[in-house]
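The values are calculated or read from the model by the stated rules, or taken from the named source; none is laboratory data. Predicted model, so just to flag it, every value in this text is computed and none were measured. Methodologically, a virtual Cβ is constructed for each residue, glycine included, from the backbone with ideal geometry; neighbour enumeration extends over all protein chains shown.
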Amino acid sequence: MPESHPPSPILPITPIGVIRTKMRTKFDSPHQPKNSREERNVVQLHRHMGFEVALRDLAKFDRIWLVWWFHKNTSWRPLVLPPRGDATRRGVFATRSPHRPNPIGITAVPLLEVDGLNIFVGNTDLVDGTPILDVKPYIATVDAFPDSSLGWLVDVEAQLSKPAQYQVCCGETAIAQVEYLRATWGIDFIERVTEILERNPTIHRTRRIRRWREELLQIGCGAWRAIFSVDQKSVFIHWISPGYPDTLLVKEGDYQIPDREAQVAFKALWPDPDRHPKAPLQG
């Protein structure tokens, strides 16, 4: 007979605060924080919980651990498809997938400043509004093991250390659309799209790349889509389009859609993606 286990206790967890970043969607967030980029984000601890005293002596550390909750995930999978590497499913405990039995994440971040209940930190991979569960000091003598095996990530890291395999460029329509979103709405995801496509533009569920129609592919970019084609080692982005249909964009109520106003305005300028010209690949 199968072994029986007593019911697991329910563990109470109360967030101690939230983090505020410029990353609005999961697509905006890198797979790991990039130390080459200068950022300034802030962990805002909740008031009236005694955290002013709890922060004493923290400012002397160069780095801290943030323990946080994957608040945008509601389910988990025993096997997951990591976005990096080939299309091989891995056991979730061998990955940092957000789809976990308990959706808890940890991230080591540079500590910039402590001001009252605000903890200012550098580069991170957390989207805006992520609940913070705990803060711990990063201690290099016990937290760093640079000679440890990377497991199945050895081959992935080796591939990432090589120059990008594909050249990515945008057509006139895509350039105009990217500039409009950046200048008018402060929305800019083309760098992140380029990082993904220059490595591997093939169909992949977790990278949100799928066949669009005919010879064209589509990559999901949070609330947006980029339509592109591939010719040998060249990737050409033909145009950008909103990710939500009109029926949802005009729906009343509490239904939350990121960049709703921007998508409506965008569709007024570029109403029909089927009419966008399919420019030839260049270079």
Given the conditions (1) within 22 Å of Arg207 (Cα to Cα); (2) at pLDDT 95 or above; (3) not basic (Lys, Arg), which single one is not true for Leu79?
(2)
Can Ile257 be described as aliphatic (A, V, I, L, M) and touching a residue at least 24 places away in the same chain (Cβ under 8 Å)?
yes
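If you check Ile190 against the conditions, is it touching a residue at least 12 places away in the same chain (Cβ under 8 Å), under 22 Å from Arg24 (Cβ atoms) and touching a helix residue (DSSP H, G or I) at 6+ places or on another chain (Cβ under 7 Å)?
Details: touching a residue at least 12 places away in the same chain (Cβ under 8 Å): yes; under 22 Å from Arg24 (Cβ atoms): yes; touching a helix residue (DSSP H, G or I) at 6+ places or on another chain (Cβ under 7 Å): yes.
Yes, satisfied.
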So is Gln159 touching a residue at least 60 places away in the same chain (Cβ under 8 Å) and part of a loop (DSSP other than H, G, I, E, B) or not?
no
Given the conditions (1) farther than 24 Å from Leu197 by Cβ; (2) more than 22 Å from the chain's Cα centre (by Cα), and given that Gln167 satisfies all but one, which numbered condition is not satisfied?
(1)
If you scan segment 231-273, which residues turn out to be of a type outside the set (Gly, Ala, Ser), part of a strand (DSSP E or B) and surrounded by fewer than 17 Cβ atoms within 10 Å (Cβ to Cβ)?
Asp231
